[in-house]
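J.: Structure provided below as structure tokens; questions to follow.
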Amino acid sequence: MISSPIASRSTSAAGNVDRPTVAVVGGGVIGLSAAWQLAESGCQVDLFDDQLGRGASHAAAGMLAPVSEAAYGEDDLLTVGLESARVWPDFAARLGHASGIDVGYRPAGSLLVGHDPQDAAALRRHAALLAGHGLAAEPLTSRATRALEPALSPRTTSGLLVPGDHSVENRSLLRALAVAAERAGAHLHPQRVAVEVQDGRAVGVRTTVGTRHVADTVVVAAGIASGEIPGLPRHAVPLVRPVKGQIIRLAGGAGLLTRTVRALVAGEPVYLVPRESGEIVVGATCEDVGLDGRVTAGATHALLRAAIIVVPEVAELELVESIARFRPTTPDNMPLIGTSCIDGLLLATGHYRGGILLAPVTARAVVDLVHRRPVDPSVEALSPQRFPSPAEVTS
Ligand code: GLY
């Protein structure tokens, strides 16, 4: 529904206590999840994105892998990732029910594999890190690793089975979220907007064709575009920067792999994520090159070469897509989820490599904040207020 040129929703200065009005800026996995859950919680929701579902979450592999991706010094990210992984099965089931679309939640676990002594040492270090957190992972011999995934190269010498890291089909997920959000009453507008700020408070958005939408709360969930939304005062602009990812999709791999496989090839990480359909997603580069969105021959070659080293039969599959998008990251690589330095403005952005995984906890936190309830403790460490605003730094 497109609103009148004046204002789409009536609201009072004190806000609508029973049916808060919310404008969500950004229609990727985070914005759509928030819009769906906000609408289900009774909010009147308008979401704006002229590239609805075509950003980073369209390119994603759909891994739900907090354990495989755990790293030293990233305990807060691990905690929130584990919490989101815990609630993913329920999120997927509810979303399937609400949308009538199967989101391809695949609880098959992940297998980390190595090809040389350095890789084996890296897997042992990872197992030690996980053991320190009490997380399940099973070191495997070469034989046991290949028994689990017979398509792995005979060069595979070590493995670490991570039974709790699963995957989801990201594009079905985006379709399902859009359907569920609309069925719950949210309005999805294929438009760009500026945020309107009056007297230091976000009061709504204005589309590029001049339509105003008044809102009690504006949620910025626009991934890398979050850093360039017009209307925000400089000190309120989220600190996000792009990390380019190139990723490829192969067809014809039904039955080749039963679970996500992650490997290091000549020191470079590569993952292969199988789908029920026979698609295998191979990713991904991590490039600090600004907003250069080109798909390059070198990256596609490197991904294919690595994937074929890990699983030789990949050479027989059909290459159906090479795509590049920008992961939104922050100065400490953790998302920005929570209240901003502007009243009425919430941030849910900067999810870097974890947008698909963290969508359920992020949406839940946004709903709690809009309804003025405390957020889950796992999300508190992700408050945008952990960074001083430029105004504070220069004052
Ligand atoms: N989450 C996978 C990636 O960023 O490549």
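The values are calculated or read from the model by the stated rules, or taken from the named source; none is laboratory data. Here the structure is a predicted model, which is why all the values come from computation and not from measurement. Virtual Cβ from ideal backbone geometry, glycine too; neighbours counted across all protein chains shown. Remember, those area values only see protein heavy atoms, side chains included, never the ligands or the DNA or RNA. Shrake-Rupley method; radii C 1.70, N 1.55, O 1.52, S 1.80 Å.
J.: Mean separation of Cα pairs under 8 Å and 6+ residues apart, divided by the residue count of the chain: what relative contact order is that in percent?
T.: Working: 918 pairs, mean separation 90.1, N = 395.
Value for the chain: 23 percent.
J.: Based on Cα coordinates alone, diagonalise the gyration tensor for region 121-258, multiply each eigenvalue by 5, take square roots, and list the semi-axes in whole Å, largest first.
T.: Details: eigenvalues 419, 84, 43 Å².
Result for region 121-258: semi-axes of 46, 21, 15 Å.
J.: Another question about this same structure. How do 45-51, 137-143 rank on mean C-beta neighbours within 10 Å, highest first?
T.: Packing order, densest peptide first, comes out as 45-51, 137-143.
J.: What's the percent breakdown of Cα-Cα distances in region 63-110 across 5 Å bins, shortest bin first?
T.: 5, 20, 25, 20, 15, 10, 4, 2, 0
J.: Where does the chain land on Rg/Rh, using Cα atoms and the Kirkwood Rh?
T.: Ratio of gyration radius to Kirkwood radius for the chain: 0.99.
J.: Mind checking the full-extension length gain between A71 and A136? Use 0.36 nm per residue of separation minus the Cα-Cα distance, one decimal, nm.
T.: Extra length available between A71 and A136 comes to 21.9 nm.
J.: Considering only protein heavy atoms and a probe of 1.4 Å, how much of the accessible area of region 148-268 is carbon and sulfur, as a whole percent?
T.: Working: 2430 of 4610 Å².
Summing carbon and sulfur atoms, their accessible area is 53 percent of the total for region 148-268.
J.: Give the relative contact order (percent, whole number) for region 267-332; include only Cα pairs under 8 Å separated by 6+ residues.
T.: Across region 267-332, relative contact order equals 29 percent.
J.: Carbon and sulfur atoms: what percent of the 1.4 Å accessible area of region 275-395 do they account for?
T.: Details: 2840 of 5390 Å².
That share works out to 53 percent.
J.: Using a 1.4 Å probe on the protein heavy atoms only, what accessible surface does C286 show? Give it in Å² to the nearest 10.
T.: Result for C286: roughly 70 Å² accessible.
J.: Related question: Could you work out how much longer the chain between R94 and A315 gets when fully extended? Use 0.36 nm per residue separation minus the Cα distance between them, nm to one decimal.
T.: Net length gain for the segment: 75.8 nm.
J.: Return one number: the angle in degrees, 0 to 90 and rounded to the nearest 10, between the long axis of the Cα atoms of helix 170-183 and the longest principal axis of the Cα atoms of the chain.
T.: Result, in degrees: 30.
J.: Right, here's the next one. Cα centroids of region 196-252 and region 318-369: how far apart, whole angstrom?
T.: Here the two parts' Cα centres lie 11 Å apart.
J.: May I pose another question? Using a 1.4 angstrom probe on the protein heavy atoms only, line up S167, S383 by accessible area, largest first.
T.: S383, S167
J.: Just order 201-209, 229-237 by mean Cβ neighbour count inside 10 Å, highest at the front, would you?
T.: The packing order, highest mean first, is 201-209, 229-237.
J.: Which whole-percent values make up P(r) of region 236-395 when all C-alpha to C-alpha distances are grouped in 5 Å steps starting at zero?
T.: Per 5 Å bin, starting at 0, the Cα pair percentages come out as 2, 8, 15, 16, 14, 13, 11, 10, 7, 4, 1, 0, 0.
J.: Per residue, how much accessible area does region 168-212 have with a 1.4 Å probe, in Å²?
T.: 44 Å²
J.: To continue, here is another question. Using a ≥ b ≥ c from the Cα gyration tensor of region 104-169 (square roots of the eigenvalues), is it rounded, prolate or oblate, where a/c under 1.5 gives rounded and otherwise the larger of a/b and b/c decides, a/b for prolate?
T.: oblate
J.: Which net charge results when you count Lys and Arg as +1 and Asp and Glu as -1 among the other residues whose beta-carbon is under 12 Å from that of L129? It would help to have the intermediate numbers written out before the result.
T.: Working: positive: R124, R125; negative: E69, E74, D75.
Here the charged neighbours net out to -1.
J.: In square angstrom, what is the accessible area per residue of region 229-367 with a 1.4 angstrom probe?
T.: On a per-residue basis, 38 Å².
J.: With the dipole of the chain worked out from charges on the C-beta (+1 for Lys and Arg, -1 for Asp and Glu) around the Cα centre, which of V361, Q51, V22 lies farthest toward the positive end?
T.: The listed residue farthest towards the positive side: Q51.
J.: Roll a 1.4 angstrom probe over the protein heavy atoms and tell me the percent of accessible area of region 46-138 that is carbon or sulfur.
T.: 53 percent
J.: Could I ask something else about it? Less than 13 Å Cβ to Cβ from R192, Lys/Arg counted +1 and Asp/Glu -1: what total charge do the surrounding residues give?
T.: Net charge in that neighbourhood comes out at -2.
J.: Moving on. Provide F91, F387 ordered by accessible surface of protein heavy atoms (probe 1.4 Å), highest first.
T.: F387, F91
J.: Still on this structure: Write out the trypsin sites (Lys or Arg not before Pro) in region 334-390 meeting two conditions: DSSP loop, and at most 10 other Cβ atoms within 10 Å of their Cβ.
T.: R372
J.: When only Cα pairs under 8 Å and 6 or more residues apart are kept, what is the percent relative contact order across region 81-164? Please list the in-between numbers first.
T.: Values: 95 pairs, mean separation 29.2, N = 84.
In percent, rounded to a whole number, it is 35.
J.: Using the alpha-carbon centroid of each, what span in Å lies between region 93-138 and region 38-68?
T.: Taking the Cα centre of region 38-68 as reference, the centre of region 93-138 is 22 Å away.
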